[in-house]
Amino acid sequence: MITLKSEREIALMRKAGLVIWHALRIAESWVKVGVTTQEIDAAIDRFFLDQKAEPLFKGVPGTVPFPAATCISINEEVVHGIPGPRCLVEGDIVSIDTGCRLNGWCADAAETFPVGKISEPFQKLLNVTQKSLQIAVNQMGKARYWSEVAREMEFYVKKQRFALVESLVGHGIGREMHEPPQVPNFISTDLLRNSDFRIQSGLVLAVEPMVNIGSKRVRVGKDHWTYSTVDKKGSAHFEHTIAVAQTGPFVLTGPPTAESETIDISPYLFPK
């Protein structure tokens, strides 16, 4: 059952969303040639600790419990990459996904960053994936059902000759990171017949298109977490936590809109 949130609860989720937005700005500052993914994760983990925010990913159960505060996935890696000693290289694209719980409420977001100068196909991939997420935000202010949003996202991505990953989807979010409903970025028979849902005030979703240059198919690696494209071609991932407020869609993991929403992140940025 989908749990709708009150305006007060959405305001509390916004506070968690601001922590995530700032965390991704910290991550962005560390995306440089020679930096390890473990260093990026450590900076965000320290920021969460100081904000008294619980990292949602750390300790998630699995064959191997997830060991980090962030998922960091490079090039053909789609999602759930485990941070480690790998150094970033000029031309890489790096997807950084993170979430936290603050005062009992969750937020979750992801961005894909270029490392230095990247190829034209990689740049187009980033642009298309980010725009598909913005299409979702815009359509959530107009559509009656999620299938209408998913249809627009899929139409745009396919028109650009890319593929949407279908085996991994977004989700509802609130007091827990994963709540009903499942939030696909594409149209399926199951969505249309069984699992479509109404766009209504109080709905809060983590919408996260994952877009591939080649095949939509992915496989999980030997670490039991990292998903990669089967054809080894690049993938990008963008995500926001989005609430449907009475005034329309509200991107809870979006940038500050007032001075009071700004957090000092200078101690955590990449040292100059």
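Values for this structure:
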{"item": "Taking 173, 2 and counting other C-beta atoms within 10 Å, the order from fewest to most", "result": "2, 173"}
{"item": "Sum of -39500 (n - 2.57) over DSSP H runs of 4+, divided by residues of the chain (222 nm, nearest 500)", "result": "-9000 deg cm²/dmol"}
{"item": "Restraint check, 131/272; 142/232; 158/232; 58/117; 52/232; 15/232, Cα-Cα greater than 27 Å", "result": "131/272; 142/232; 58/117; 52/232; 15/232"}
{"item": "For 145, 268, order by how many other beta-carbon atoms lie within 10 Å, fewest first", "result": "145, 268"}
{"item": "Net charge contributed by nearby residues that have their C-beta within less than 14 Å of residue 261 (K/R +1, D/E -1)", "result": "+1"}
{"item": "Low-density loop cleavage sites - trypsin sites (Lys or Arg not before Pro) in the range 37-79, where at most 12 other Cβ are within 10 Å (DSSP)", "result": "52"}
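Each reported figure results from applying straightforward, stated rules to the coordinates on display, with no laboratory input. Owing to the predicted nature of the structure, the values given are computational and were not obtained by experimental measurement. For neighbour counting, all protein chains shown are included, and Cβ atoms are generated from backbone atoms with ideal geometry for every residue, glycine included.
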